[in-house]
């Protein structure tokens, strides 16, 4: 598949004779970064590099991809001292669902940001309320803040938060908050725990949610792998689960000279 994609994208003729597979991914990434070509992955990469690994680090923060929030799925969430969601609106996206997405995110996350292309900024500002942050990914791949997001954990809905979690995470949060986890049959456990979550204080719950998810969704073990990958693939490594046993094979493949990779079958 890699070989076919290289041929179809006509990247071989534009590559250095000494290029590796990793170099070729970087070349493709440079093409996709050009405004007008950019899809969601380019925005994910920008947030990963400039926020998660720029402002923070994999040792102090974690990241969630496609995390359920009410009736929506959040594109990307960064957990540090708080939970910040980033809704991506690339040049290829419509703003039709944005208002509903933002309202769902407010029920789970203390801070909501929309990151968009320059062409969407005016529309985003006209669509979302003033407490929602607006960020722009410029034509030069620079990320700027148009409006800061307001940190407001008091507005979250504890029952909606519960529906976003794994059962083990929900139980861990209840115990950490001094609430006894109900000993009921598995068929009744979800409903019983939801009732308990509904009675929790939103601010205290948000603090414990962040603490628990940073532990259960910890990205620190990926630090060595991410550091050794080309920049174009780092966001993918943080999003796609790769077994630790496969890390050496992945790194070997990335270091393979392109001319050798073109013989893969």
> Does segment 246-262 include one or more residues that are in contact with a helix residue (DSSP H, G or I) (Cβ under 9 Å, 6 or more places away or on another chain) and within 29 Å of residue 82 (Cα to Cα)?
Replying inline: no
>> residue 263 - would you say it is more than 17 Å from residue 58 (Cβ to Cβ), assigned to a loop (DSSP other than H, G, I, E, B) and more than 25 Å from the chain's Cα centre (by Cα)?
In response: yes
> If the Cβ limit is 8 Å and pairs must be 6+ apart or interchain, which residue in segment 118-142 that is farther than 21 Å from residue 83 by Cα pairs with which residue that is modelled with pLDDT of 95 or more and loosely packed, with under 14 Cβ neighbours inside 10 Å?
Replying inline: 127/99; 138/144
> Going by the conditions given, is residue 168 exposed (fewer than 13 other Cβ atoms within 10 Å of the Cβ) and either touching a residue at least 24 places away in the same chain (Cβ under 8 Å) or assigned to a loop (DSSP other than H, G, I, E, B) (or both)?
Replying inline: yes
> If you take the residues of segment 118-159 that are farther than 17 Å from residue 95 by Cα and surrounded by 20 or more Cβ atoms within 10 Å (Cβ to Cβ), which of them is farthest from the chain's Cα centre (by Cα)?
Replying inline: 158
> When you go through 42, 6 one by one, which is the residue that is over 17 Å from residue 239 (Cα atoms) and assigned to a helix (DSSP H, G or I)?
Replying inline: 6
> Can you tell me which residues in segment 53-87 are under 20 Å from residue 164 (Cβ atoms) and outside any strand (DSSP E or B)?
Replying inline: 61, 70, 71, 80, 81, 82
> Going through segment 222-257 one residue at a time, which ones are in contact with a strand residue (DSSP E or B) (Cβ under 9 Å, 6 or more places away or on another chain) and in a helix (DSSP H, G or I)?
Replying inline: 238, 239, 254
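Conditions (1) under 30 Å from residue 232 (Cα atoms); (2) out of contact with any strand residue (DSSP E or B) (no Cβ under 9 Å at 6 or more places or on another chain); (3) modelled with pLDDT under 95, marked per residue:
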residue: 90; (1), (2), (3): yes, no, yes
residue: 93; (1), (2), (3): yes, no, yes
residue: 104; (1), (2), (3): no, no, no
residue: 115; (1), (2), (3): yes, no, no
residue: 130; (1), (2), (3): no, no, no
residue: 135; (1), (2), (3): yes, no, no
residue: 141; (1), (2), (3): yes, yes, yes
residue: 152; (1), (2), (3): no, no, no
residue: 155; (1), (2), (3): no, yes, no
> Name the residues in segment 120-157 that are closer than 23 Å to residue 45 by Cβ and in a loop (DSSP other than H, G, I, E, B), would you?
Replying inline: 132, 138, 139, 140, 141, 142, 148, 149
>> Would you confirm whether or not segment 103-125 contains a residue that is touching a helix residue (DSSP H, G or I) at 6+ places or on another chain (Cβ under 8 Å) and on the phi > 0 side of the Ramachandran plot?
In response: no
>> If the requirement is being part of a helix (DSSP H, G or I), crowded, with 19+ Cβ neighbours inside 10 Å and touching a strand residue (DSSP E or B) at 6+ places or on another chain (Cβ under 7 Å), which of these qualifies: 213, 174, 205?
In response: 213
> Of the residues that make up segment 11-33, is at least one over 25 Å from residue 252 (Cα atoms) and either in contact (Cβ under 8 Å) with a residue 40 or more places away in the chain or assigned by TED's automatic domain parsing to the domain that holds residue 116 (or both)?
Replying inline: yes
> What is the residue count in segment 10-25 for residues that are closer than 28 Å to residue 65 by Cα and either surrounded by fewer than 16 Cβ atoms within 10 Å (Cβ to Cβ) or modelled with pLDDT under 90 (or both)?
Replying inline: 0
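The values are calculated or read from the model by the stated rules, or taken from the named source; none is laboratory data. Just so it is clear, the structure is predicted and the values come from calculations on it, not from any experiment. No Cβ is skipped: glycine too gets one built from the backbone with ideal geometry, and neighbour counts run over all protein chains shown.
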